[in-house]
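Structure, as structure tokens:
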Amino acid sequence: MSYYDIDAILTDAEKIPCTFQIDVPDLGYLDNQPGHTLKSGSRVALPIWLAEMLAIANTGTIDMDDPSQSSKSFITFDLPPALGNDVVQALKADPRSVPLRDQSAHFYALATHMMELSEEPELSAVLRKTFVSRAAEIALHARKVGGAGGKGKGKATKDDNASNLGVGGAGEDFLRGLDEWERKLFRCAHDGTKASKEWMENVKKR
Amino acid sequence: MALPLPPGLTQNEVAFLAEMEMVTVVPRQRLDSIDLLGGKTPQLRPPHRAQLPLWLALLLKKQRRANIVPPAWMHPASLAEIIHRETKEDPEAFSPPPPPPSRALYSQPGTARRLNPSYVDDFTQTQQNSQQDPNSILSPPFLPSNVAESPAGYLPYHWLEVAEALLTHAGDDMPAPAGEVRSLLRDLVEVRAAKMRSSTSALEGFGDAYLTLRGVGAMELAENRAFLAGLVDGVRKIGASAEATRREEEEEARRGGDYGGDGDEDSDEDMGL
């Protein structure tokens, strides 16, 4: 993850549900109560970069009366709804039919970040299966879109844009549901196919 | 970021490298040996076959000074056999690369051994005086796998590039009508591209997280390199945290064995209070 990686920055701005463990004076505007104290136990969506810091840091106070109250972290956080149970169940059922972009534009980046913060062994396995099986689909579409298929050589490029060899409407829905990682994969696959096609056509000119 | 090219070779670079492949020509005119940087080319005497690099063979072909003998694997029967193997016999794997040349000694029949470049061709022989060196055994990408004697039924590393070049510039030298060879070649390209896509499913489960790319040609690699690398990298990132946890647990188990118990953490907490 590079310092200048725009996707990493955008991923850090994704909000996750957090629960405050302590009262914070004058922060009530986060919970639609300007001027009031933010009560402990109130749930607020915070961006990851902030939530991570608050969850790791602790108050550092020592409460002699009640030891359990001392040194607790400011907040606890849950998995964002994009990685919630219903999404995971849907991915288990059929990875290809879930538009990941609707959940989050940086779905996988968000998921890996969350898995770094808290351990989710099951989530990791589900995501891996999702990523791989969707990648095969992406490769297929990348070859067909724009008439890049091996058979349509030379003349029929314009017509192929429309036909797409049977992946038509459903394919567009699928491609719209790709998250950023998958879009990059799509671009890679598409560029590769396109370059091969260009080379094929150039062989004849030399 | 400065260089807009993706890592690895582009298709044009691969095709350029493929022009180093040796092919067999039947010269029509006499031509003396040419002293090139890479060594001397063999003398061309009309009825005798000779082996030249592809670029020189294509040049001579365009000037009508030579005919190119297509490699045996480009024969329609050979291509059909490969397609059959790829689709019916083994629909999972790519067809294997050509075997290294081997031949039994006269004195010991039945004991085929890998052969030294002495088998190879005049061009590389004159190029290296050390052709008798037993260490310089050639392995597949450097085998003369596109000469007329190369084995049928195996696709060499540069199969697509060489076949395209030969079909385009030496279509009249083909053993069958060029259109027939070309359509078989198109089928093969499609079959293998589909196989390349389905091969990614090997990454789905934990444990066997690798892709087998044995027998994949240079041009196919150039086409799929970015996609496959991105895919494997994504799988790595998704599994990174689980992997880190697993390693920690292993480390913990190893240390736990040494010190006998996990008393460290408890004592730390006591200190805090």
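The values are calculated or read from the model by the stated rules, or taken from the named source; none is laboratory data. Here the structure is a predicted model, which means the values were calculated and not measured. Virtual Cβ from ideal backbone geometry, glycine too; neighbours counted across all protein chains shown.
Just one of A:50, A:30, A:46, A:10 is modelled with pLDDT under 80 and surrounded by 14 or more Cβ atoms within 10 Å (Cβ to Cβ); which is it?
Only one candidate passes the filter, namely A:30.
From the list B:15, B:57, B:77, which residue is surrounded by fewer than 21 Cβ atoms within 10 Å (Cβ to Cβ) and in a helix (DSSP H, G or I)?
Values: B:15 fails: surrounded by fewer than 21 Cβ atoms within 10 Å (Cβ to Cβ); B:57 fails: surrounded by fewer than 21 Cβ atoms within 10 Å (Cβ to Cβ).
That would be B:77, the only listed residue that is surrounded by fewer than 21 Cβ atoms within 10 Å (Cβ to Cβ) and in a helix (DSSP H, G or I).
Just give me the residues in segment A:6-36 being farther than 21 Å from residue A:105 by Cα, of a type in the set (A, V, I, L, M, F, W, C) and in a helix (DSSP H, G or I), in sequence order. Can you show your working first?
Step one: filter segment A:6-36 for residues farther than 21 Å from residue A:105 by Cα, giving A:19-36.
Narrowing further to those that are of a type in the set (A, V, I, L, M, F, W, C): A:20, A:22, A:24, A:27, A:30.
The one that is farther than 21 Å from residue A:105 by Cα, of a type in the set (A, V, I, L, M, F, W, C) and in a helix (DSSP H, G or I): A:30.
Of all residues in segment B:1-12, which are out of contact with any Asp or Glu (no Cβ under 9 Å at 6 or more places or on another chain) and touching a residue at least 40 places away in the same chain (Cβ under 8 Å)?
B:7, B:8, B:9, B:10
Take the conditions loosely packed, with under 14 Cβ neighbours inside 10 Å, at pLDDT below 80, in a loop (DSSP other than H, G, I, E, B) and not β-branched (Val, Ile, Thr) and apply them to residue B:46. Does it pass? Walk me through how you get there before you give the answer.
On the way: loosely packed, with under 14 Cβ neighbours inside 10 Å: yes; at pLDDT below 80: no; in a loop (DSSP other than H, G, I, E, B): yes; not β-branched (Val, Ile, Thr): yes.
Judged against the criteria, residue B:46 is not a match.
Hey, among B:164, B:190, which residue is in contact with a Leu (Cβ under 9 Å, 6 or more places away or on another chain) and either within 14 Å of chain A (Cβ to nearest Cβ) or at pLDDT below 60 (or both)?
Details: B:190 fails: in contact with a Leu (Cβ under 9 Å, 6 or more places away or on another chain).
Going through B:164, B:190 in turn, the sole match is B:164.
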